[in-house]
Amino acid sequence: MELMTRYLPRYQFAEEHSLHVPASPARVLDMAARPDVVDDPVARRLISLRELPNRLAGRLGFASALQNRPAFSLGEFTQLGRDGERELAFGLAGRFWRSDYGLVPLADARAFAALDATGIAKLVLNFTAQPEGQGTRLTTRTRVWCGDDLARRRFTPYWLLIRPASGLIRRRLLRRVHDAALLAP
């Protein structure tokens, strides 16, 4: 978890899920890095549900920051790096409690590391692959650091509300990587 620790050494919120995959660590992380593998229809539906009020407001003529934007996806994350066959990490920053996510554009890992978190939350999502038996223990962790007390107070109820869906998405993500690793040539 060197990448996760490097990019988010402190955090207030965390989530972790894991699954055994009967494939090599390299294959497993390769699959976790593929957009077609991590694009889950259930996750898309949950995101659509989260975005529905903002998008509906736009259709009714009210202000909507999401009206002309595609739905949120893992494509919004910035790849922070890959540590061989051990870890793959992605970062995201914003005011996630806002209906439009309040995302902060990040050009690369260096921009994520340099970003002042005052007023926002920084999130790191990683995958680690550890040899286990005849395969790999694939673990995904999500950690969030809120840069100040106001951001933490705003993020806390959001986290409590979305955590069950977030957990479901992460478990499905692990299963999709598992299945893709078994099907890969």
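The values are calculated or read from the model by the stated rules, or taken from the named source; none is laboratory data. The model shown is predicted, which means the values in this text are computed figures rather than measured ones. No Cβ is skipped: glycine too gets one built from the backbone with ideal geometry, and neighbour counts run over all protein chains shown. In case anyone asks, the SASA skips ligands and DNA or RNA and just uses the protein heavy atoms, side chains included. Shrake-Rupley method; radii C 1.70, N 1.55, O 1.52, S 1.80 Å.
The residues in segment 140-177 that are modelled with pLDDT of 95 or more, within 25 Å of Ala33 (Cβ to Cβ), among the hydroxyl-bearing types (Ser, Thr, Tyr) and in a helix (DSSP H, G or I) can be counted, and the count is 0.
When restricted to residues that are closer than 27 Å to Arg82 by Cβ and surrounded by fewer than 21 Cβ atoms within 10 Å (Cβ to Cβ), segment 145-158 contains 1.
Listed residues Leu74, Leu125, Leu106, Leu88; which is in contact with a helix residue (DSSP H, G or I) (Cβ under 6 Å, 6 or more places away or on another chain) and open to solvent by less than 20 Å² (accessible area, probe 1.4 Å)? Only one candidate passes the filter, namely Leu88. Scanning segment 40-57 for residues that are open to solvent by 70 Å² or more (accessible area, probe 1.4 Å) and either touching a residue at least 24 places away in the same chain (Cβ under 8 Å) or of a type outside the set (Lys, Arg) (or both) gives Arg44, Leu49, Leu52, Pro53, Leu56.
Could you grab me the full set of residues in segment 146-162 that are free of Cβ contacts under 8 Å to residues at least 12 places away in the same chain and of a type in the set (Asp, Glu)? Asp149 - this is the single residue of segment 146-162 that is free of Cβ contacts under 8 Å to residues at least 12 places away in the same chain and of a type in the set (Asp, Glu). Residues that are surrounded by 17 or more Cβ atoms within 10 Å (Cβ to Cβ) and among the small types (Gly, Ala, Ser) within segment 168-185 comprise Ala180, Ala181, listed in sequence order.
The residues of segment 71-116 that are over 14 Å from the mean Cα position of the chain (by Cα), farther than 25 Å from Gln130 by Cβ and among the acidic types (Asp, Glu), listed by number, are Asp100, Asp108, Asp116.
When Ala165, Ala113 are checked against the criterion of being small (Gly, Ala, Ser), surrounded by fewer than 21 Cβ atoms within 10 Å (Cβ to Cβ), in contact (Cβ under 8 Å) with a residue 40 or more places away in the chain and within 25 Å of Ala57 (Cα to Cα), a single residue qualifies: Ala165. Beta carbons closer than 9 Å, at least 6 apart along the sequence or on distinct chains, pair a first residue in segment 74-88 that is on the phi > 0 side of the Ramachandran plot with a second that is in a strand (DSSP E or B) for Gly81/Glu87; Gly81/Leu88; Gly81/Ala89. Just the residues that are in a helix (DSSP H, G or I), of a type in the set (A, V, I, L, M) and closer than 17 Å to Ala129 by Cα, please, taken from segment 6-63. Scanning segment 6-63 gives Ala26, Val28, Leu29, Met31, Ala32, Val37, Val38.
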